[in-house]
Amino acid sequence: MKTGHLKTVGGILLLMVTLQALLFGIQQLIFVFVERTDFSDHMAMMAAMALLTVAYTLIFRAQKVELSVFPKKFGTGYIIATTAAILLLIVNPVNYFGGAEAIWMNIFACIVTPIFEELIFRGYIWKKLNTVFTKEWKTYLVSTVLFGLWHLGYISSIAFRVETGLANAMMWKVIVGLCFGVVLGFVRLKTKNCYSTILLHGVMNLFGR
């Protein structure tokens, strides 16, 4: 990998570490006022992600960074896909048997997390890598690996839920992240936007989180 490539990837890794540190910091601040339970841990993460999504969206807009969020043409296929994703979220049986907590968990996993992660990885990071790689499939491969590594940053929440076998749990977290990255990156490569990956990410989390 060339020096320019290493510098760009190094900058992205620094961004990833910074974002995970901010997620952790905001969570811990919330736990000063709220008792930490499995549910409140997820809700604190959701609040942190929502806050950071607003923050980095404003920063990217001020810097005139184009994230390629929406497709150039919002055709019938996107309308059908959007409708299907919304219906799947609404008709999920968990919403009706799990109570309010289950609904909030679905909002967190299927809406907030996909938007937060996709705008970063298939939006900003994808664009950043495209500036140094002449072939987009290289951007796809590198962003997939980075997405897998990103999931190491969720160790605090995982450690809170796992009493033993943390290393094994983290290994599987990274593997699942890599698998998601392979699929989502391929869709980003083909559609040239991250709206499609946000939809798919939400559906994948609905069935596989």
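Going residue by residue through the range 29-46, is there one that turns out to be in contact (Cβ under 8 Å) with a residue 60 or more places away in the chain, within 19 Å of LEU15 (Cα to Cα), open to solvent by 40 Å² or more (accessible area, probe 1.4 Å) and among the charged types (D, E, K, R)?
No, there is no match, as no residue in the range 29-46 is in contact (Cβ under 8 Å) with a residue 60 or more places away in the chain, within 19 Å of LEU15 (Cα to Cα), open to solvent by 40 Å² or more (accessible area, probe 1.4 Å) and among the charged types (D, E, K, R).
Output the residues belonging to the range 92-105 that are aromatic (Phe, Trp, Tyr) and not in a helix (DSSP H, G or I).
The first filter runs over the range 92-105 and keeps only residues aromatic (Phe, Trp, Tyr), leaving 96-97, 104.
Selection gives nothing.
In the range 161-180, which residue that is closer than 19 Å to ASP41 by Cα and part of a helix (DSSP H, G or I) is most open to solvent (accessible area, probe 1.4 Å)?
Filtering the range 161-180 for residues that are closer than 19 Å to ASP41 by Cα and part of a helix (DSSP H, G or I), the one most open to solvent (accessible area, probe 1.4 Å) comes out as ARG161.
Applying the selection to the range 46-63, what residues are modelled with pLDDT under 95, part of a helix (DSSP H, G or I) and among the polar types (S, T, N, Q)?
THR57 - this is the single residue of the range 46-63 that is modelled with pLDDT under 95, part of a helix (DSSP H, G or I) and among the polar types (S, T, N, Q).
Results for (1) closer than 20 Å to ALA21 by Cβ; (2) in contact with a Gly (Cβ under 8 Å, 6 or more places away or on another chain); (3) open to solvent by less than 30 Å² (accessible area, probe 1.4 Å); (4) in a loop (DSSP other than H, G, I, E, B), shown as yes or no for each residue.
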residue	(1), (2), (3), (4)
LEU67	no, yes, yes, yes
PRO71	no, no, yes, yes
GLY77	no, no, no, no
ILE90	no, no, no, no
ILE107	no, no, no, no
GLU117	yes, no, yes, no
LYS127	no, no, no, no
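A quick yes/no check of all residues on (1) surrounded by 17 or more Cβ atoms within 10 Å (Cβ to Cβ); (2) over 24 Å from LEU199 (Cβ atoms); (3) without any contact (Cβ under 8 Å) to a residue 24 or more places away in the chain:
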residue: HIS5; (1), (2), (3): no, yes, no
residue: VAL9; (1), (2), (3): yes, yes, no
residue: ALA62; (1), (2), (3): no, yes, yes
residue: PHE74; (1), (2), (3): no, no, yes
residue: VAL94; (1), (2), (3): no, no, yes
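The values are calculated or read from the model by the stated rules, or taken from the named source; none is laboratory data. The shown structure was predicted, so the numbers you read here are calculated from the model rather than taken from an experiment. All Cβ positions, even for glycine, are placed from backbone atoms using ideal geometry, and neighbour counts span all protein chains on display. Each accessible area value is taken on the protein alone, full model and side chains, heavy atoms only, with ligands, DNA and RNA left out. Shrake-Rupley method; radii C 1.70, N 1.55, O 1.52, S 1.80 Å.
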